[in-house]
Amino acid sequence: MKKLTLAALGVAGAMIASTAMADGHGNSTLAQVKEKGFIQCGVSQGLPGFSNADDSGNWTGLDVDLCRAVAAAVFGDSDAVKFTPLSAKQRFTALASGEIDILSRNTTWTMTRDTQLGLNFAGVNYYDGQGMMVPTALGVTSALELDGANICTNTGTTTELNITDFFRANGMSFNLVAFEKADEVVAAYDSGRCDVYTTDRSGLAAQRGKLTAPDSHMVLSEIISKEPLGPVVRQGDDQWFNIVRWSLNAMINAEELGITSANVNATEFNDVSPSVARLVGKEGNFGAELGLDNKWAYNIIRQVGNYAESYEANVTPLGLARGVNALWSDGGILYAAPIR
Amino acid sequence: MAKTPTAKTPEFVRTEEAPLLPPPATEAGITGWLWHNIFESMADFHSPLAAVRSLFMILFSLILVYVFGTQIYGLLDFAIFSAVFSDPDGVKRQACWTVQQGGSLPDGWHAACWPFVVAKQKFALFGPFPSEELWRVYLALFAGAAGLAWVMIERLPFRRQAGLLMLTVYPLATFILLTGGNIEVAMTQIAIWFVFGLALISIGRLGNAGRLGTVLNEFAGSFAGAGWLVVAFSTVAAIAAFDFNLEPVDTGDWGGLLITLVVAVTGIVASLPLGIILALGRRSDMPVISVLCTIFIEFWRGVPLITVLFMASVMLPLFLPAGVNFDNLLRALIGVMLFSAAYMAEVVRGGLQAIDKGQYEGADAVGLSYWQKMRLIILPQALTHVIPGIVNTFIGLFKDTTLVSIVGIFDLLGAGQSAIADAAWSTPVQAITMYLYVGIIFFVFCFGMSRYSIYMENKLSKSRRH
């Protein structure tokens, strides 16, 4: 009888495999996504503010909102999306093998990744950079005063390389204390094992709450690396690439034009400026050009909100000001190509 | 004692029994136990050497008591005495903040923050499984626990039948409950297979009756066996493909303890029969079978589980044609199953080798077939010998399930770690509280298995106990 159970498992396996095979015949990602009725979105295994499961297991965050925006654009339903939590090692394979349709997992856009992995970055939804946190008691105001410091960081990440570059470039000595997990790094820093804790500035903000006395630590103003984070899609499917890119652009443009989830409904009945009319689909034929409904951007703004709304809901609670992620018109570098 | 009629009367004869005195305090009860096990070794001061030894024992005992006492008190203090148990105002992490952090707990407070675990309870136990469908998980777990208890408690009737149900109906029912069933296989396809199976059985019957010539007669048994297997497959498939009107739940939405149990139970249930077959195969006289089994076992024992899981989840999709991907959880399940089967095979082989040659020869001498010999004589003895080894493998497997979290499946530990990342609850004690909780759950399961194994050993090896 045990053999029978095994056999049953085998049959079930073979059947699941064969159904999966049957699904794979569509050619474009959009066609495949429309056929299965949802978007499979790769996210992190838990990064506050970007992709994080809440108490009941619902995913929230800036990266998650981007996937929801694409779902709203394609299906008019921001819930038509499923999330696959991925480790840093798995993420590109999962995308390349078609297991996920979008990778929205705080992934830094670098030249190697863009050119060698068969992937395309569809834009930047967050400009991050590596920062350093020190106890205020240390009396340091600039990273250049850190000669001979003990530095806590994670192993095997670019942060480790960046900090080495920075100290070497400035002719300073330092002592690196690297740990596998973020929790261990924070615990070591909190117990006074090191003078400096370095990781991406968003990470510093997120981990700050785990310190015994959060207020007696400060983040130094130096940013020692560029980490443009953005959504990634497979190379060779330009339509899908465009959909993801313009879903992001629509959110940023909506903020620039002052259209929010609260007032987008009113644009239906009121006279609006031509650029707003193009955004919400009252003018032009922009949705059809993408292979979508003409109300694609309207649905994004209605259901997910514009970039500012998403940022304020997810990233602001971490204590991260907009900074460089403000609109270009507000002194930041967020700049979306116009819809016209 | 009666007076004995002898010529020479002794001077004193006791005519009644001496009163029964209670045993000395040093021999019975708690005092006796304490004396014999603890204090006796420190109370001997009759010679200088003995005195030194006693003093050393006293010192050593005091140190031990101190170390254990502080450790246990520290744990209890962390987990219970100083812990925060409720978050009445729903302020999340502020409930576990010290004054320094802006909360109300005294500075330097370091203890468990249980409201965090309570809030993450559902996520840690079931992952993102849809809340309104959770009754299905409860039902499956409850049925599983009840069935298991039924099989394990010896006073209950129909245990054999219950065990049979647990191995056949229960996995299928659980599969349907957890996934929603209704798998996409055409009923016509299943029907064709069903008919094919029936045809095979008929060929077997005809062959048995001698109507198909001598050659087919030889293989009649195989035909019938294959036929029954195919019929059983198609029946299972038909049930799995039937629409029970349940909301489908993707395995990507499973998580937490649910995943741990699914992986561990599948691994445990599958690895024992597979392991026995592999062990028998490795000791088989037929070179092909023996070599194949040996290669299989040595291959799976030679690679780390983490590599197997990585290959299954990261490399396999690259080898398959684009767009083909079968369930991530199923891949990990198969990997865990094969891996543990190889280990189990070696444990069982140890048992087979411990059986005296006379048993094999005796079985052959009374004319038992190979399978009868194994089933009736060898395996019952061999498996009894290696119960500790088998349960050891089970416990190891149960804990190894945590490795699936590195391939993006949220098992209990993975879900816990993901919960730790939640900034809404971030405090210095967040991580350690969650790890304590996860550790307690793992301990309960592993300790339970270990106790049951000891009970089984005592029961089955009464004849050989010294």
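The values are calculated or read from the model by the stated rules, or taken from the named source; none is laboratory data. As the structure is a computational prediction, the values presented were derived from the model and not from experiment. Quick reminder, even Gly has a Cβ in these numbers, built from the backbone with ideal geometry, and neighbours come from all protein chains shown. For the accessible areas, the whole protein counts, side chains as well, though only heavy atoms, and no ligand, DNA or RNA atoms are used. Shrake-Rupley method; radii C 1.70, N 1.55, O 1.52, S 1.80 Å.
Numbers for the structure displayed
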{"item": "Unique match (being outside the structural domain of B:Met344 (by TED's automatic domain parsing) and either free of Cβ contacts under 8 Å to residues at least 60 places away in the same chain or more than 28 Å from A:Ala53 (Cα to Cα) (or both)) among B:Ala237, B:Ala279", "result": "B:Ala237"}
{"item": "Residue check for A:Ala277: surrounded by 19 or more Cβ atoms within 10 Å (Cβ to Cβ) and part of a helix (DSSP H, G or I)", "result": "no"}
{"item": "Residues of region B:306-358 satisfying the condition of being outside any helix (DSSP H, G or I) and either modelled with pLDDT of 90 or more or open to solvent by 60 Å² or more (accessible area, probe 1.4 Å) (or both)", "result": "B:Pro321, B:Ala322, B:Ile355, B:Asp356"}
{"item": "Region A:149-162 residues that are at positive phi, paired with ones that are modelled with pLDDT under 85 (beta carbon under 6 Å, 6 or more apart)", "result": "none"}
{"item": "Answer from B:Gly414, B:Gly389 - the residue that is within 29 Å of B:Ser86 (Cα to Cα), open to solvent by less than 30 Å² (accessible area, probe 1.4 Å) and within 21 Å of the chain's Cα centre (by Cα)", "result": "B:Gly414"}
{"item": "Residue selected from region B:241-261 under the condition small (Gly, Ala, Ser) and surrounded by fewer than 22 Cβ atoms within 10 Å (Cβ to Cβ), by the criterion farthest from B:Tyr435 (Cα to Cα)", "result": "B:Ala241"}
{"item": "Residues located in region B:262-305, provided they are part of a loop (DSSP other than H, G, I, E, B) and either under 30 Å from B:Val137 (Cα atoms) or open to solvent by 60 Å² or more (accessible area, probe 1.4 Å) (or both)", "result": "B:Arg283, B:Asp285, B:Met286, B:Pro304"}
{"item": "Residue ranges of helices (runs of 4 or more DSSP H) in region A:18-130 with at least 2 members over 30 Å from A:Ile224 (Cβ atoms) and under 14 Å from the mean Cα position of the chain (by Cα)", "result": "A:62-75"}
{"item": "Residue within region B:45-67 that is touching a Ser or Thr at 6+ places or on another chain (Cβ under 8 Å) and part of a loop (DSSP other than H, G, I, E, B) present", "result": "yes"}
{"item": "Residues of region A:314-340 classified as surrounded by fewer than 16 Cβ atoms within 10 Å (Cβ to Cβ) and within 14 Å of chain B (Cβ to nearest Cβ), total", "result": "3"}
{"item": "Residue count for region B:166-187, restricted to those that are more than 10 Å from chain A (Cβ to nearest Cβ) and buried (at least 17 other Cβ atoms within 10 Å of the Cβ)", "result": "7"}
{"item": "Subset of region B:77-102 (residues that are in a loop (DSSP other than H, G, I, E, B) and crowded, with 17+ Cβ neighbours inside 10 Å)", "result": "B:Ala83, B:Asp87, B:Trp97"}
{"item": "Where A:Val134 falls short, out of the listed (1) crowded, with 19+ Cβ neighbours inside 10 Å; (2) not assigned by TED's automatic domain parsing to the domain that holds A:Gln207; (3) not in a loop (DSSP other than H, G, I, E, B)", "result": "(2)"}
{"item": "Total residues in region A:47-66, condition touching a helix residue (DSSP H, G or I) at 6+ places or on another chain (Cβ under 8 Å) and either of a type outside the set (A, V, I, L, M, F, W, C) or not assigned by TED's automatic domain parsing to the domain that holds A:Arg322 (or both)", "result": "11"}
{"item": "Residue in region A:290-311 that is surrounded by fewer than 23 Cβ atoms within 10 Å (Cβ to Cβ), β-branched (Val, Ile, Thr) and in the same structural domain as A:Asp65 (by TED's automatic domain parsing) present", "result": "no"}
{"item": "Pairs with Cβ under 6 Å, 6+ apart, first in region B:190-205 and within 14 Å of B:Phe233 (Cβ to Cβ), second open to solvent by less than 80 Å² (accessible area, probe 1.4 Å) and hydroxyl-bearing (Ser, Thr, Tyr)", "result": "B:Ile190/B:Ser234; B:Trp193/B:Ser234; B:Phe194/B:Ser234"}
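This table checks each residue for (1) assigned to a helix (DSSP H, G or I); (2) among the hydrophobic types (A, V, I, L, M, F, W, C); (3) crowded, with 19+ Cβ neighbours inside 10 Å.
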residue	(1), (2), (3)
B:Gly163	yes, no, no
B:Gly197	yes, no, yes
B:Ser202	yes, no, no
B:Leu206	yes, yes, no
